[in-house]
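Below is one structure, written out as structure tokens; comments come after it.
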Amino acid sequence: MALYLLYESSSGYALFQAQGLDEIGQNTEAVRNSVADLNRFGKVVQLTAFQPFESAIDGLNQCNSVSEGLMTDELRSFLELNLPKVKEGKKSKFSLGVAEPKLGSHISETMKITCQSGEFVLELLRGVRLHFDKFIKDLKPGDLEKAQLGLAHSYSRAKVKFNVNRVDNMVIQAIFLLDTLDKDINSFSMRVREWYSWHFPELVKIVNDNYLYARVAKLIEDKSKLSEEHIPALTEILGDEDKAKETVEAGKASMGQDLTPVDLINVQLFAQRVMDLAEYRKNLYDYLVTKMNDIAPNLASLIGEVVGARLISHAGSLTNLAKCPSSTLQILGAEKALFRALKTRGNTPKYGLIFHSSFIGRASAKNKGRMARYLANKCSIASRIDCFAERGTTVFGEKLREQVEERLEFYDKGVAPRKNIDVMKSAIETTQNKDVEMEEAQPVEASAKKSKKKKSKSEDAPAEAANGDALEDAKSGKKKDKRKKEQGHGAEEMNGINGDVAEQDGTAKKKKKKSKDEVAAASETKKKRKSKE
């Protein structure tokens, strides 16, 4: 039976025919040894046909289809043109070797061609991949590497495509850091209390909050300098004038020991560090709230930002959380208790991380398990909507929260809640109405911008026309002046010419008169000479 090999390269599809397999047999070791030598391998495997991809986008589409085990129309036409035809109702007299078993099964189902993808075929394809640039004569050195690099980048980019604003990894890191900061601030605040209590032990009973204690310690510094002037500043920090006065009185009658200025400076610096950490913790919490509203708005509106972030962090990602069934989500975070209960055959836990939700605390003791199961069901729905929805919206989370509230009332007072299908219909209607309003608002804004542009153009048009008329008038005036000047110059020239002609006539007449007088004078002189003679 003849064997053909289908090789999907980065530049196109190639079909090879393996010959002389009887000499080698189906020995994988023999093929592996002959792969390195092109002379031996070229006698066994020969190129039958090659079809390059039309463009980089076409290559990416073909690569995606092959990775998913699907045969495209281009691949099917390529195989039909270059493989021997198979008669209907009969088995093919050849087999096709492919690298992907899923693709081979799809080809065999569609075209009724026997496909194989064993070790022997994979070794042959390895040799084809090694010497592929030698089989294709038109390939220039470096073209295949460029095609492989470009296709690899585009394929990876398409597989790892994500929205930057919806990266759940930021939420995971933020909630981890938030928990760490809570522990650190708590331990540092206790250290500030213990350190400053040596100097002012009565302040611990007056100020209970850690952050306020650090601020008061930073303000007071030395208790011996406390006076009534500090009461307004203490009132601003504590929010209670009575506590401020009590602090001043306690400072005057304090039993604590005095500290050196160096010790006080160190206490103040450490208190300032605790205050900075507390401020950073507040900013980090605000950041977590905004990120949760971007990534999982429905889950955040249903169960809260912190609990929702802990669920996403424990599951690994929002996608993993969406894949979890509600029974798994219910005990997420209580794995140790679950396996301990399974090992000892005791009662399994009813809730995990969702216990921190306010709904579980508001439910009665006998209804906590039922409430946890119902809340886990709604959280699972909300996480799937957030994960797979194209547009982020809080409508579904708000409706699911209303359902949980109604379920609480049902457990406490027996008020029948609404049906789930009715609530979901109303949520879908509200989202559709919002989409319609947004679509209507966009053309209105566009038309307003166009009208503004038209108005500005219409306002500019008369000004431009007036400016154009003025320019035309100026040009026409200039032209008239030029014409007048030209006419004036022409008249002057004509006058000059006439004057020159007149002057020439006058001189000619004068010359004639002079010539006549000279002739008369000459004749008279001649007559006188004759008479004298």
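Based on alpha carbons, the Rg and Dmax found for region 300-415 are 14.3, 46 Å.
Can you tell me the FRET efficiency between ARG373 and LYS434 if r is taken as the Cβ-Cβ distance and R0 is 22 Å, rounded to the nearest 0.05?
Values: r = 32 Å, r/R0 = 1.43.
Computed FRET efficiency for ARG373 and LYS434 comes out at 0.10.
Ranked from largest, the principal axis spans of the Cα set of region 281-365 equal 44, 30, 23 Å.
Counting other Cβ atoms within 10 Å, which GluC sites (Glu not before Pro) in region 316-413 have at most 13 and lie in a DSSP loop? Can you show the working numbers first?
Numbers: sites: GLU335, GLU390, GLU398, GLU402, GLU405, GLU406, GLU409; in loops: GLU390.
Passing sites in region 316-413 are GLU390.
Over region 360-412, with the other protein chains present, what is the accessible area per residue in square angstrom, probe 1.4 angstrom? Kindly include the intermediate steps, with their values, before the conclusion.
Values: 2570 Å² over 53 residues.
Result: 48 Å² per residue.
With a cut-off of at most 12 other beta carbons within 10 Å, and DSSP calling the residue loop, which trypsin sites (Lys or Arg not before Pro) in region 333-436 qualify? Please list them.
Working: sites: LYS336, ARG340, LYS343, ARG345, LYS350, ARG362, LYS366, LYS368, ARG370, ARG373, LYS378, ARG384, ARG391, LYS399, ARG401, ARG407, LYS413, ARG418, LYS419, LYS425, LYS434; in loops: ARG345, LYS350, ARG391, ARG418, LYS419.
Passing both the DSSP loop test and the Cβ count: ARG345, ARG391, ARG418, LYS419.
First select every other residue whose beta carbon is under 14 angstrom from the beta carbon of VAL274; then total the charges, Lys and Arg +1, Asp and Glu -1.
On the way: positive: LYS183, ARG191, ARG193, ARG215, LYS218, ARG273, ARG281, LYS282; negative: ASP182, ASP184, GLU194, ASP209, ASP276, GLU279.
Neighbourhood net charge equals +2.
Can you give the FRET efficiency to the nearest 0.05 for PHE176 and LEU122, using r as the Cβ-Cβ distance and R₀ = 35 Å?
Working: r = 44 Å, r/R0 = 1.25.
FRET efficiency, PHE176 to LEU122: 0.20.
Given a 1.4 Å probe and the protein chains as shown, SER380 ends up with an accessible area of around 0 Å². For region 168-282, the fraction of alpha-carbon pairs lying more than 20 Å apart is 43 percent, rounded to a whole number.
Projecting the alpha carbon convex hull of region 1-158 along each direction and taking the average yields 9.3 nm². Here ALA341 and ASN320 are evaluated by their C-beta separation; at R0 = 22 Å the FRET efficiency comes out at 0.40.
The values are calculated or read from the model by the stated rules, or taken from the named source; none is laboratory data. Here the structure is a predicted model, which is why all the values come from computation and not from measurement. Reconstructed Cβ throughout: ideal geometry from the backbone, glycine too, with neighbour counts over all protein chains shown. Note: areas computed on protein heavy atoms with side chains; ligands, DNA, RNA excluded. Shrake-Rupley method; radii C 1.70, N 1.55, O 1.52, S 1.80 Å.
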